[in-house]
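Chemist: Would you mind keeping the following structure in view while I ask a few things?
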Amino acid sequence: MSSDQDEAFPHSAAEAATAAAAPAAETPAAVAMLSAEDGTLSRRQVLVGAGTAGLLAAAPAPAAAATAALQRPQRRPADEDGTPEQVHLTWGRDPATSMTVSWASPGSAVRPRLHLAGPGEHPRMVPVVLRSYTDGISGQPVWTYHAQVTGLTPGTEYSYSVTADNDGAAEPFSATFRTAPRGRQSFRFTSFGDLATPSTEWVLSYGQSAYAVGAVESFQPLFHLLNGDLCYADLNPTAQPQVWRDFGNNNQASAASRAWMPCPGNHEIEFGNGPQGLTSYLTRYTLPDNGVPGFRGRWYSFRVGSALFISLAADDVVYQDAGAFVAGPQPLTPAAGTGNPAIPPGTSFYVRGYSGGAQTAWLERTLRAARADRSIDWIIVQMHQDATSSSATGNGSDLGIREAWLPLFDRYQVDLVLCGHDHDYERSFPVRGFDSMVGKNAVTGAPVQTLRPHPVTTTDSSVVDTSQGTVHLILGGGGTDANLDSYGIDPSDGLRQAKVFTQPNRPVPTSTAGVYARPAADAVEDATWSAMRDTSSGYGIAVFDVHPGEVRGGMTSITVRYFHAVGADPVNPATGQAGQPTSNYTEFESFTLVRRRCDG
């Protein structure tokens, strides 16, 4: 199915044959369709099953199911194979009562369906939305399916299965999930970014990606935050759908059993795939609606217990140009069937400012409402790029975030900010406000305004009161082959130093004819806000245990533990020692965030 075709979705094998032979106007009627780009109605996605005979029929009895399995079609050609894969969960509007089950298939599925059952319930069928696009570089079609389930019971385990008439597996894929608790309850979540895939044929992929998914499961969180740069398909432009497929199948080992909540990073921006290059991302994920027309799925919020989680799309505000890029000397030439022209060397996909301020306005409304809500204690922000990173070999910090969002984080007392982008671990002191004109140009040494975040203390403590300042964590150690655990030092005084982007780093010609590069950050500053950096490994996972407290108006806390995979660095920058992927994650540090409950 092409992204620009109107095509109804057949509900049975017989209808499939009829649809293939009939004109579009004579195919079975579509019900409701959602656009991958903005959530508006279109004829590109089809709600399957509503009004169809058998929609609410119970799943077959075990004996019937076994007979049906024997009658399944044999493995078909890829474009006819509806076998579910890349299965993953995301929270719905209310994590206590809703969940979205999403998956893909190698070819177009015939009558895809999901059966769901709670404790003591007979399985019920849930309507499925088909979302499809054609990759703008390879011309390869992609089919995904989304079943949004509502009316669930808080804190309850449900079982589900997904299948299709042309499912080539011996049995339907099945798994379980648990809904979020209601009210002030304890829960656990985990986080990292920059995951990639275990398939080393792809640029930036590495075997640690598989162990990182296993690490999530080892801690059994309620959900996982994936802080951008999911699979790096843009670095493999002629094979983008294949990279996404390897990413999704790797994550399925965890994401099919608990919600994985992503934010877009710079490497989700792909040539040929939508106005911000996010079609691949938006087609695969159904995320809570932000209520901003035209921008659904890019940023959102959800609430679990007494914590509000806000996911932002930082490419909208950062100065750094780091999306899809053609370095040269050859152009990037899409497949002939796409109709897209060649992309010349020196071209980058720069999207800063794409929302026209809509995201920042939404963020302020959301933060204001949260701090006025006496049932919300914690505000936790997830985004990809960094306001506080002192990586020497990575990207560094970005003034755009400091200008647009840090004043809001200060005003509304955001507790915790989780990022990726640089492939390492770094923790800030609690920060509030800024130090003016303390940066300098990286080349000339001239003074530069970097709005350096001001640490409210530089005494490191195992207990941090986040009502006094926001803690920032860099968690970019998911699984890429480019560990960046090397940190900046000011050669003049030996103090910690950070690079800062204060202006766009657009592509410039190199000394090689036809080859372009994007410069590094243009400014530096002493990183007075940096409290902890992990020089032993670029890989790790953060585990967060939220404790609501027992007394109205008393203290609530979040215990944070960071586990790193020592020895996983392909080459450790501190020692020069070569390593390899490992499943051994050990604790690097732990600390506790505290604040007073808002119900006092």
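Chemist: Could you count how many residues in the range 404-453 are in contact (Cβ under 8 Å) with a residue 40 or more places away in the chain and either within 30 Å of SER590 (Cα to Cα) or open to solvent by less than 10 Å² (accessible area, probe 1.4 Å) (or both)?
Modeler: Counting residues in the range 404-453 that are in contact (Cβ under 8 Å) with a residue 40 or more places away in the chain and either within 30 Å of SER590 (Cα to Cα) or open to solvent by less than 10 Å² (accessible area, probe 1.4 Å) (or both) gives 32.
Chemist: Any idea which residue in the range 454-469 is surrounded by the fewest Cβ atoms within 10 Å (Cβ to Cβ), counting only those that are part of a strand (DSSP E or B) and in contact with a Lys or Arg (Cβ under 7 Å, 6 or more places away or on another chain)? Steps first, please.
Modeler: In the first step, residues of the range 454-469 are kept if they are part of a strand (DSSP E or B); the result is 454-455, 463-465.
Narrowing further to those that are in contact with a Lys or Arg (Cβ under 7 Å, 6 or more places away or on another chain): 454, 465.
Numbers: HIS454: 18, ASP465: 16.
Checking each candidate, the answer is ASP465.
Chemist: Right, here's the next one. Looking for whichever is open to solvent by 10 Å² or more (accessible area, probe 1.4 Å), at pLDDT 95 or above and either over 30 Å from ASP545 (Cβ atoms) or in contact with a strand residue (DSSP E or B) (Cβ under 8 Å, 6 or more places away or on another chain) (or both) here; the options are THR200, THR179. Which one fits?
Modeler: Working: THR179 fails: open to solvent by 10 Å² or more (accessible area, probe 1.4 Å).
It is THR200.
Chemist: From the list LEU225, LEU230, which residue is in a loop (DSSP other than H, G, I, E, B), open to solvent by less than 10 Å² (accessible area, probe 1.4 Å) and at negative phi? So that I can check it myself, show each step before the final result.
Modeler: Working: LEU225 fails: in a loop (DSSP other than H, G, I, E, B).
Result of the check over LEU225, LEU230: LEU230.
Chemist: If you don't mind, another one. Residue check: is ASP194 of a type in the set (Asp, Glu), open to solvent by 20 Å² or more (accessible area, probe 1.4 Å) and assigned to a loop (DSSP other than H, G, I, E, B)?
Modeler: On the way: of a type in the set (Asp, Glu): yes; open to solvent by 20 Å² or more (accessible area, probe 1.4 Å): no; assigned to a loop (DSSP other than H, G, I, E, B): yes.
Judged against the criteria, ASP194 is not a match.
Chemist: For the range 484-500, which positions are open to solvent by less than 30 Å² (accessible area, probe 1.4 Å) and outside any strand (DSSP E or B)?
Modeler: Within the range 484-500, LEU484, ASP485, GLY488, ASP490 qualify.
Chemist: Taking only pairs six or more apart or across chains, which ones have beta-carbon atoms under 9 Å, a first residue in the range 353-373 that is over 14 Å from TYR300 (Cα atoms), and a second residue that is modelled with pLDDT of 95 or more and open to solvent by 50 Å² or more (accessible area, probe 1.4 Å)?
Modeler: TYR354/PRO275; ARG368/ARG411; ARG371/ARG411; ARG371/GLN413
Chemist: Can you pull out every residue in the range 151-176 that is touching a residue at least 60 places away in the same chain (Cβ under 8 Å), assigned to a strand (DSSP E or B) and touching a Pro at 6+ places or on another chain (Cβ under 9 Å)?
Modeler: At the first step, the residues of the range 151-176 found to be touching a residue at least 60 places away in the same chain (Cβ under 8 Å) are 161-173, 175-176.
Subsequent filtering for residues that are assigned to a strand (DSSP E or B) retains 161-163, 173, 175-176.
Within the range 151-176, SER161, VAL162, THR163, PHE173 meet the criteria.
Chemist: Separate question: State which residue pairs qualify: first residue free of Cβ contacts under 8 Å to residues at least 60 places away in the same chain and in a strand (DSSP E or B) and inside the range 579-592, second residue of a type in the set (Gly, Ala, Ser) and open to solvent by less than 60 Å² (accessible area, probe 1.4 Å) in any location, beta carbons under 9 Å apart, and separation of 6 or more residues or different chains.
Modeler: Taking only residues 6 or more apart or on different chains, the pairs are THR586/ALA565.
A quick yes/no check of all residues on (1) farther than 23 Å from PRO241 by Cα; (2) over 24 Å from the mean Cα position of the chain (by Cα); (3) among the hydrophobic types (A, V, I, L, M, F, W, C); (4) open to solvent by 10 Å² or more (accessible area, probe 1.4 Å):
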{"residue": "THR90", "(1), (2), (3), (4)": "no, no, no, no"}
{"residue": "MET99", "(1), (2), (3), (4)": "yes, no, yes, no"}
{"residue": "SER108", "(1), (2), (3), (4)": "no, yes, no, yes"}
{"residue": "HIS115", "(1), (2), (3), (4)": "yes, yes, no, yes"}
{"residue": "GLY120", "(1), (2), (3), (4)": "yes, yes, no, yes"}
{"residue": "ARG124", "(1), (2), (3), (4)": "yes, yes, no, yes"}
{"residue": "LEU130", "(1), (2), (3), (4)": "no, no, yes, no"}
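Chemist: Which of the strands (runs of 3 or more DSSP E) contained wholly in the range 501-573 include at least 1 residues that are surrounded by fewer than 20 Cβ atoms within 10 Å (Cβ to Cβ) and touching a strand residue (DSSP E or B) at 6+ places or on another chain (Cβ under 9 Å)? Break it down into steps so the answer makes sense when it comes.
Modeler: On the way: elements: 523-526, 530-533, 540-547, 555-564.
Result: 530-533, 540-547, 555-564.
Chemist: OK, next. Could you say whether any residue in the range 207-219 is surrounded by fewer than 21 Cβ atoms within 10 Å (Cβ to Cβ), touching a residue at least 24 places away in the same chain (Cβ under 8 Å), among the aliphatic types (A, V, I, L, M) and not in a helix (DSSP H, G or I)?
Modeler: The answer is no, given that none of the residues of the range 207-219 is surrounded by fewer than 21 Cβ atoms within 10 Å (Cβ to Cβ), touching a residue at least 24 places away in the same chain (Cβ under 8 Å), among the aliphatic types (A, V, I, L, M) and not in a helix (DSSP H, G or I).
The values are calculated or read from the model by the stated rules, or taken from the named source; none is laboratory data. Keep in mind it's a predicted model, so treat the numbers as computed, not measured. Every residue, glycine as well, gets a Cβ built from its backbone with ideal geometry; the counts of neighbours run over all protein chains shown. We work out accessible area using only protein heavy atoms, side chains counted, and drop any ligands, DNA or RNA first. Shrake-Rupley method; radii C 1.70, N 1.55, O 1.52, S 1.80 Å.
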